[in-house]
1. Quick one: 292, 16, fewest Cβ neighbours within 10 Å first, how do they rank?
2. I'd like the projected area of the stretch 2-155, averaged over all directions, using the convex hull of its alpha carbons. Report it in nm² with one decimal.
3. Going by a ≥ b ≥ c, the root eigenvalues of the Cα gyration tensor, does the stretch 114-203 fall in the rounded group (a/c under 1.5), the prolate group (a/b larger than b/c) or the oblate group?
4. Between the stretch 29-61 and the stretch 168-182, how many Å separate their Cα centres?
5. For the stretch 254-297, what does the alpha-carbon gyration tensor say about shape, rounded, prolate or oblate, given a ≥ b ≥ c as the root eigenvalues, a/c under 1.5 as rounded, and a/b over b/c as prolate?
6. Using a Gaussian network model of the chain with C-alpha springs under 10 Å, which one of 218, 149, 210 is most mobile by mean-square fluctuation?
7. Would you calculate, for the chain, the mean residue ellipticity at 222 nm contributed by helices, counting each DSSP H stretch of 4 or more residues as -39,500 (n - 2.57) and dividing by all residues, to the nearest 500?
8. Based on the Cα coordinates of the stretch 228-271, what is the per residue volume of their convex hull in Å³?
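Bear in mind that the values in this text are calculations on the coordinates, not laboratory data. On a predicted model such as this, the values are computed, not experimentally measured, just so you know. Every residue, glycine as well, gets a Cβ built from its backbone with ideal geometry; the counts of neighbours run over all protein chains shown.
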C-alpha cells in the first residue's frame with residue numbers, strides 16, 4: 001500500500017530511523033560478482049530498498065526490477081534510477097529474460113511473499129532456459145527472520161551421468177566442478193560445485209562433507225552441510241539439486257598433493273552414520289569418494 005511505499009522511500013533516502021543503519025548484502029559467498037539479480041516485489045520503491053539496503057556492492061547494471069509502478073511515487077530524484085524495470089513478471093517477455101541472463105552460469109532472485117504466485121511463471125521460464133533453482137537461507141542475523149527470500153538459479157550441466165551412488169536410496173552425484181583447481185595456492189578459495197539426485201526419497205536428512213586430505217590421509221579442510229542447504233527428505237525422486245561450497249586453502253599450506261573427497265552421513269542420537277559409496281560401474285569405494293588431486297607447487 002501507499003504507507004509501505006512511503007516507508008521504503010524513506011529507507012532509500014536514508015531518512016529518519018534509517019539514517020544510521022548499515023546496509024548489507026544478503027547474497028551468499030558463492031555469488032559471482034556481475035551475475036544477474038532479479039528484484040521482485042509489489043512496487044518499485046521496495047525493489048529500490050532491496051538494491052540500496054540488501055545488495056551492497058551489486059551494481060545497478062546487474063539488476064532487473066520487477067514490480068515497478070512508475071506513475072506512483074516517481075523516482076526521478078534518485079542519483080541512480082532503475083536501469084531495467086518491468087511492471088510485473090507477466091510483462092517480462094521471454095526475449096527480455098533470455099537477453100538478461102545470456103551467458104550467465106548463475107542468476108539470483110530476491111523476492112517477497114506477496115508475489116509468490118507470479119514467481120511460478122519465472123521459475124518455469126528459467127527451467128526452460130536450462131536453470132535449476134535452489135533456495136538459500138538468509139544468514140545475516142538482522143534478516144534471518146524476515147519477509148525476504150533468496151533463490152539461486154544455476155545453469156544445469158550439459159552432460160550429467162552418475163559419478164558415484166550413495167546408500168540404499170541411490171543418492172547420486174551426477175556432475176561436479178572444482179573452480180580454481182588449475183592454480184591452487186595458499187590462501188586461495190576453491191569452489192566445489194556439484195549436482196545431485198536421488199532415485200527415492202532419502203531416508204534421512206543427510207549432510208554432505210567435502211574433505212581435503214594430505215598425502216597421509218589427514219584432513220586439512222572439511223565443509224559439512226546439507227546438499228544445497230536443503231532438507232533431503234523433501235527431495236522428490238529424480239529432482240536435480242545443486243550444491244556449492246567454498247574451500248579456503250590454509251595460508252600455511254605446504255607444497256604437495258592433496259586429495260579432495262566427498263561423502264554423505266547422518267547423525268542420530270549423537271551417533272554418526274556414513275553412507276557407503278559405489279562408482280558408476282557399481283564398485284564399492286568406501287564412505288569417502290575421491291574427486292581429484294590438487295597439486296600445490
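1. Numbers: 292 14, 16 9.
Arranged by neighbour count, lowest to highest, 292, 16 become 16, 292.
2. 8.8
3. oblate
4. Spelled out, the Cα-based centre of one part sits 30 Å from the other.
5. On the way: a/c = 4.76, a/b = 1.53, b/c = 3.11.
Oblate.
6. Top of the fluctuation ranking is 218.
7. Mean residue ellipticity at 222 nm (helix-derived): -3500 deg cm²/dmol.
8. Given the Cα convex hull of the stretch 228-271, per-residue volume reads 152 Å³.
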